[in-house]
Structures are given as structure tokens and as C-alpha cells.
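Structure record follows, encoded as C-alpha cells.
The values are calculated or read from the model by the stated rules, or taken from the named source; none is laboratory data. Since this is a predicted model, take the numbers as computed values, not measurements. For neighbour counting, all protein chains shown are included, and Cβ atoms are generated from backbone atoms with ideal geometry for every residue, glycine included.
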Amino acid sequence: MKGTFFKEFFNRNGPLLGTYLLLAVAFWIIILIVLPQLSMLDYSFRFNLPPSAQGGEKDVYTMSNYQHFFNGSEGNPERLSIFGYQTDIPFNKVDIAVFFKTILAAIFVTAFDLALCYPLAYFLGQSASGPSGRVLLLLLIIPYWVNEILRAFAFRIIFGATGVINTVLVGVGILDTPIDFIRENVALYAGLGYAYLLLMIFPIYNAIESLDRNQIEAARDLGSPWWRIHWRIVIPFAKPGIVSGCTMVFMLTAGALAAPQILGGPSSLWFTQIIYQWFNTGGNWPRGAAYAVVLLFICIVFVLAMMRLFKVKMGEIGK
Amino acid sequence: MSTGVGVDLDDVWVKFGDFVAVREANVSIKGGEFFSFLGPSGCGKTTILRTVSGFQEPSQGEVRIGGTNMVGIGPNLRPTALIFQNLALFPLMPIWENITFSMEVRGASKGERRKRADELLELIALQGQGDKMVNELSGGQKQRVAIARALCAEPDVLLLDEPLSALDLKLRQHMRTELRAIQKQVGITFIYITHDQGEALTMSDNVAVMSAGVIDQIADGRTIYDDPASPFVASFVGENNVFSGKIKTITKDYAVVDTPAGDLRAKIGTAARGKLQKGNDAMAFVRPEALAIAAGRKGKDENRLTASIKTEEFEGQSYNIFLNQADGAEIKMSLVNQGQAYEHAPGSQMTLSCNADQAVVLPAGALASE
């Protein structure tokens, strides 16, 4: 069975191209996906040892990094309480709070992007056809030719105390004093929402564009008001695109680093920033790896749960 | 089921920029009638249907359904239901939800909808198949579901946009009969769009033939076929031979046309009465089945036409001979197969005959392109 697959594959593509294709796919899967994740997983179960002790007898597997995420460092006075019942389990309140805040914020940003992008994608996919539609798409893409970090700085400037928004609001007389958008985290959420907008628009646009316009007209002809056409015809049809967009935006927002670093207020902390601190200033790669694995794992579980809730199969998403 | 109401188009024009899709359409469709718009693609027949369904506002003129002016009334509020050319069934809903979508819109309970779906499924002979998905049905079954979905909305007027064009020949002929039967049963007005003259003639009470945005003739099928109002209608509906020339002599009902095949005496088309004069450019139309081989035939009224034989063709029930007139224009003669063995040398001359009452004279005009 396997043998015939490779035989046919080489027959179809020739020995040279066939070998190249196989090597490229193997490189992609093994070197770019499996190995980095495996080594990260491996790191997360080890002690943070100086290079001289690595591979020595002290270098054994441990759960201590994961324990740290839940229990905090030794001597942590916080204790876990479940529904008011105080336990004596040490509880890493700071990191876990940041973790859930990050997840919640990512959900919020995803929902916000969906609310913003669905009408846009519908308009582009069904109403704007021909040259005007292509110009609109290009206008959407052009800002993304600028580097992500530069865009974050641009948002800092726009939302700054003397930025465009404050200047206009104060100038028009709506505000007496400028609002500190950075401290209020408005700039952060706007920046995050903007960062992955295209990843939400395009899957939904692709789905809606392939929807037969007659379906919409048929529903309308049968007496349906607009909201029901969307609820019963367009959204079910676009569901794979919506799920695909939401998954990408959620994962990338939860894992974003540049926007929180640049646009985050002084009191705001994103979970990726904690991971970054362990790797960078903390110099504790195993702990950083464990935190990263926790984030990745919980995000995947969350996405799978959402897919189950909305009855979307994995195979549909790639469409 | 509601009884049919009439549909009137009063001086309806539809323009897209400089392009005039429909020009001065005046149509009066009676309640309960099966009415067809027949014409080649791009003649504006679908645009007319869209003005009736409400997806297209006329640039000028009035659409009335049951006497009510429909201006400003959206497609979701008109008493019409449209069956799309590609059916436009909802692929993500089971059949029964497809059929009862209009009831869902009106807020009917699930029980009511299920019950109605079962009734309609029985009407279209798909009992017990309501829980299937659209892609599990065959072409003809999908067709019938589309009809049931439209009927479920209890429209006063059912609009059909070439709904049979995607089906194969056998099924199409079967569906013709079925559609006609359903129309008789529910008694509502059907407006049918087609480029297939067979469909239009077999099903309709009345047919409007359109060309390039203009309605050339509105009449029953028999009149359209036997007494066309324009060269376009004559050449579009069924096969027809054209004999062009100037009018040599003319009486009240008959004219003699000086054609390349010889003088042809023919009845003047009803629409052309009083509009022709001696010396005018005219066209005489003779159906292939109205031509005969002159040899051995006698009769006062019979025309004699000469042409050279091009090819012969055996078609089973009929035997066709193709000939050329002196100016190159083609003639097709269709003879009933009675076992005769015709073998005519290509290039040889043949004399044909036809009866003046089976030939129609009209003022020269544009023909339907092949």
C-alpha cells in the first residue's frame, strides 16, 4: 500500500521533482514543526542547570516548572480557595490571573474582529465586484506591508496624549483634557484587533464569495428579512471561514508579544510577556518553555471545545 | 391554495445605463394562466421576470399584480415566488426545511412546518424524503423540491426562470407535463421564462416572443406557429424557410413575392395586413413540412419553386432534403418517411410545391440568428 503510493508519486512527478517535493515536505514537518515543539516540550520538563551540569546526573525530568505555574515560588503566601473554601495548596495568583486575563482579552479581541470583519467580508464578497472590489482588497492589504512593530508604534502615536485622536477630540471640544488611551489599554486592544484583521477578513471573504447570490435572492423572495438571511443562509455557509478566522485571530492574539510590549499600559501584563521574561531577563528557559506549553495547550483545548460547540469539523477549516 | 391573480405590465422599460434591456413591454396576463416569455438568451425575458418578482425596478412604466401597483414593494413582500434557473436550494438545510423556509419566516411552529412539508412532499412524490439533504437528491427531485418550496409560500403568481434547462431531454419532457399538471391543480398564475420553444408551446396558454428587449408577439402557441407577427418570430419558433423578394402583386389577403426560387403566392400575416404594398421588400415563410416535391402533384393554389439540391438527410420519422435557392439561401424540406427511397444527385434542379395558405408573407425584417 505504502509502496504503491511512493511508486505512483514518483511516476507522476518524476524522480527529481518527486525527491525535492518529499524533502521539502519532510523539512517543513520535521524541522519547522515537530522538532521545535518537541524540544520546547523537552525543555519544559528539565531543571534550569548551568551548561556544565547539562547532561550530567542532575539533569533529570521534573514537573517543577509546571508546579511553579500553579503553585508559585517557594514561600508563596497565596493559597487556593475554591468557592470560598480555603485550601492549603499554594496558588500562583499573579501568573494565573495574567493567564486568564490574556485568554479573556484574546476572546474579546476575536469577537471584536469578527463583528468588524463579517460585514466587511460580506460586502466585499457579495456586493463589491469587479475592479472596485479589487481596489478595496488592495487598500486593506497595503497597511500590512509595514512591519508589525512599526504599526504598533504608529498606534502609539495615534493614541498618544498629543496624537490625532486626542487632538481632534480636544480641538472639537468634546474633551477638556486628552484621554490616556495607553494607560486605559484602549490602544492595546485596538492594536491587537488591527494586527490580525486580515486573517479574519480573508477566510470569511473567501467563504462568502463562493456563496451563490441566488441563494440570498431566493431567501428574500420567500419573504425573509435581512437578519434571517444572514442567520440561516450566509452565516451557516461562511461558518468554516468564520471558525478559521476566529481560530487564527485568537491563537495569534493570545500569543502576541509586540503589541503588548509597545502598546500595553504600565499596569498591563500579557502572558507572553511573562514567558518572554523567563526566557530573556529571567534566563530560565525551561520555565519559559513550560509556560509556553501551558499557553499553547490551553489555547488548543479552548479552540477544539469551541469547534465542538459550533459543530465544525477540522477538515472544513482548511477550505 | 389561493386562486391566481392577473399580472399587468404597462409600458415597462428597463435600462442599464445606455443599454435598454426591455423596451415598452405591454403585457396583460390573466389570473390562473400559464404564460411564457420565449426568446433567445439576452433578449430581456429574465429582466422582465425580475421586474415582476421585485428584484429589478422598471426604469419607466408600471408592474401591477392583481391590480396593485408594485412600485416600491420589495421581493420579500410581493405575492410572487420565483424558481431560479439553478434552483438555489439551500444546501445546508434538509429538504423539509428548504420547502418550509417561507413558513419559518412567518414564524410558523416546527410542528406546522413539518406537517405542511409532508403534504407538499406528497404532492411532488417525494414522501418520506424530507430529512435528506439537497445533495442527496437527483436533478429531477431537486427540481420538484424547488417547486414545492415556491408553492409553500402560497404565492398568487409563480415565476419560473428556465427551471428545466439543466435537466436532460427525457426528464425535461416529463417535467413539462408535471409542471402543467401542478399548475392546473393549484390554479395559480404561472409565468414561465424559456428559450426552448417546445416548452413554451406545449405548456402555455399564451406566449410572448421577445427579441432584443422587444415583445414581438403575444398569442397562443398555435397562432405563434401558424401566424407569426414578425420575421423574427417566424424564424425563431420552429424551423422556417425564408423566401425574400419584392411584392409583385397584392390583394387583400394574399401577395405574390418575386423570390429567387420563383414567384411565391402566400397569405399575408395578420399582423402585416394593410401594411404591405406592391414593390415592398417582403419575406415569405414556408415550414419544411409544408413543402412537397411538385412532380406528380396538381392543384390550382400550389406554388412552384425551383432550387438545386444540396444534401439529403434521413432522420427516422422524416426525410429531409436541403436545397439552395438561386441566391444561395437554404431551403429545408421535410417529408414524412413512408419508405420512399429518395436518391437525388446533388446539384440537380428540383421543383417544389406549396399551398399559398401554408405560406406567410411579412414585411422584410431581422431574422433569429442560428
Restricting to the range A:100-149, name every residue that is in contact with an Asp or Glu (Cβ under 9 Å, 6 or more places away or on another chain) and not in a helix (DSSP H, G or I). none
Note: among B:121, B:82, just one is surrounded by 20 or more Cβ atoms within 10 Å (Cβ to Cβ), outside any loop (DSSP other than H, G, I, E, B), more than 14 Å from chain A (Cβ to nearest Cβ) and not small (Gly, Ala, Ser), namely B:121
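Does residue B:270 satisfy the condition of being surrounded by fewer than 19 Cβ atoms within 10 Å (Cβ to Cβ), modelled with pLDDT of 90 or more, under 30 Å from residue B:46 (Cβ atoms) and not small (Gly, Ala, Ser)?
Details: surrounded by fewer than 19 Cβ atoms within 10 Å (Cβ to Cβ): yes; modelled with pLDDT of 90 or more: no; under 30 Å from residue B:46 (Cβ atoms): yes; not small (Gly, Ala, Ser): yes.
So residue B:270 fails the test.
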For residues that are within 14 Å of chain A (Cβ to nearest Cβ) and over 19 Å from residue B:17 (Cα atoms), scanning just the range B:27-52, find the one that is surrounded by the fewest Cβ atoms within 10 Å (Cβ to Cβ). B:49
Answer residue from the range B:96-118, given it is hydroxyl-bearing (Ser, Thr, Tyr) and in contact (Cβ under 8 Å) with a residue 40 or more places away in the chain and is farthest from the other protein chains (Cβ to nearest Cβ) among those: B:100
Among residues of the range B:124-138, those that are surrounded by fewer than 14 Cβ atoms within 10 Å (Cβ to Cβ), of a type outside the set (D, E, K, R) and in a helix (DSSP H, G or I), counted: 1
Quick one: which residue in A:79, A:46 is more than 24 Å from the chain's Cα centre (by Cα), surrounded by 15 or more Cβ atoms within 10 Å (Cβ to Cβ) and among the basic types (Lys, Arg)? A:46
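Okay, residues lined up against (1) touching a helix residue (DSSP H, G or I) at 6+ places or on another chain (Cβ under 7 Å); (2) basic (Lys, Arg); (3) within 14 Å of chain B (Cβ to nearest Cβ):
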| position | (1), (2), (3) |
| --- | --- |
| A:227 | no, no, yes |
| A:231 | no, no, yes |
| A:236 | no, no, yes |
| A:300 | no, no, no |
| A:307 | yes, no, no |
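Among the residues of the range A:150-177, count how many are in a helix (DSSP H, G or I) and surrounded by 13 or more Cβ atoms within 10 Å (Cβ to Cβ).
13
Here is a yes/no grid of residues against (1) of a type in the set (Lys, Arg); (2) at pLDDT 85 or above; (3) on the phi > 0 side of the Ramachandran plot; (4) buried (at least 23 other Cβ atoms within 10 Å of the Cβ):
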| position | (1), (2), (3), (4) |
| --- | --- |
| B:208 | no, yes, no, yes |
| B:226 | no, yes, no, no |
| B:238 | no, yes, yes, no |
| B:248 | yes, yes, no, no |
| B:265 | yes, yes, no, no |
| B:282 | no, yes, no, yes |
| B:297 | yes, no, no, no |
Residue ranges of helices (runs of 4 or more DSSP H) in the range A:9-78 with at least 3 members without any contact (Cβ under 8 Å) to a residue 12 or more places away in the chain and more than 22 Å from residue A:293 (Cβ to Cβ): A:15-26
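Each row is one residue, and each column tells you yes or no for (1) crowded, with 20+ Cβ neighbours inside 10 Å; (2) under 15 Å from the mean Cα position of the chain (by Cα); (3) not basic (Lys, Arg).
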site: A:208; (1), (2), (3): yes, no, yes
site: A:257; (1), (2), (3): no, yes, yes
site: A:280; (1), (2), (3): no, no, yes
site: A:288; (1), (2), (3): yes, no, yes
site: A:313; (1), (2), (3): no, no, no
I'd like to know if the range B:21-31 contains one or more residues that are more than 16 Å from residue B:158 (Cα to Cα), of a type in the set (A, V, I, L, M, F, W, C) and over 24 Å from the mean Cα position of the chain (by Cα). no
Within the range B:94-110, how many residues turn out to be under 16 Å from residue B:144 (Cα atoms) and either at pLDDT below 90 or surrounded by fewer than 19 Cβ atoms within 10 Å (Cβ to Cβ) (or both)? 1
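If I filter the range A:178-221 down to residues being in a loop (DSSP other than H, G, I, E, B) and within 30 Å of residue B:84 (Cβ to Cβ), which single residue comes out as nearest to the other protein chains (Cβ to nearest Cβ)? Write out each step before concluding.
Of all residues in the range A:178-221, those in a loop (DSSP other than H, G, I, E, B) come to A:178-185, A:196, A:210-212.
Filter again for within 30 Å of residue B:84 (Cβ to Cβ), leaving A:210-212.
Values: A:210: 11, A:211: 10, A:212: 6 Å.
Going through the qualifying residues, I end up with A:212.
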Sort out which residues of the range B:67-79 are touching an Asp or Glu at 6+ places or on another chain (Cβ under 6 Å) and more than 8 Å from chain A (Cβ to nearest Cβ), and write them in order of number. B:69, B:79
If residue A:61 meets every condition in (1) farther than 25 Å from residue A:297 by Cβ; (2) surrounded by fewer than 11 Cβ atoms within 10 Å (Cβ to Cβ); (3) of a type in the set (Phe, Trp, Tyr) apart from one, which number is that one? (1)
From the set of residues in the range B:53-69 that are within 15 Å of residue B:7 (Cα to Cα) and touching a Leu at 6+ places or on another chain (Cβ under 9 Å), which is surrounded by the fewest Cβ atoms within 10 Å (Cβ to Cβ)? B:62
Does at least one position in the range A:265-278 carry a residue that is of a type in the set (A, V, I, L, M, F, W, C), under 15 Å from the mean Cα position of the chain (by Cα) and assigned to a helix (DSSP H, G or I)? yes
Quick one: would you say residue A:249 is in contact with a Ser or Thr (Cβ under 8 Å, 6 or more places away or on another chain), under 18 Å from residue A:121 (Cα atoms), away from chain B (no Cβ under 11 Å) and among the aliphatic types (A, V, I, L, M)? yes
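Yes/no per residue for (1) assigned to a strand (DSSP E or B); (2) more than 29 Å from the chain's Cα centre (by Cα):
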site	(1), (2)
B:275	no, no
B:285	yes, no
B:303	yes, yes
B:321	yes, no
B:328	no, yes
B:334	yes, no
Of the numbered conditions (1) under 16 Å from residue B:276 (Cα atoms); (2) among the β-branched types (Val, Ile, Thr); (3) out of contact with any Gly (no Cβ under 9 Å at 6 or more places or on another chain), residue B:218 fails exactly one; give the number of that condition. (1)
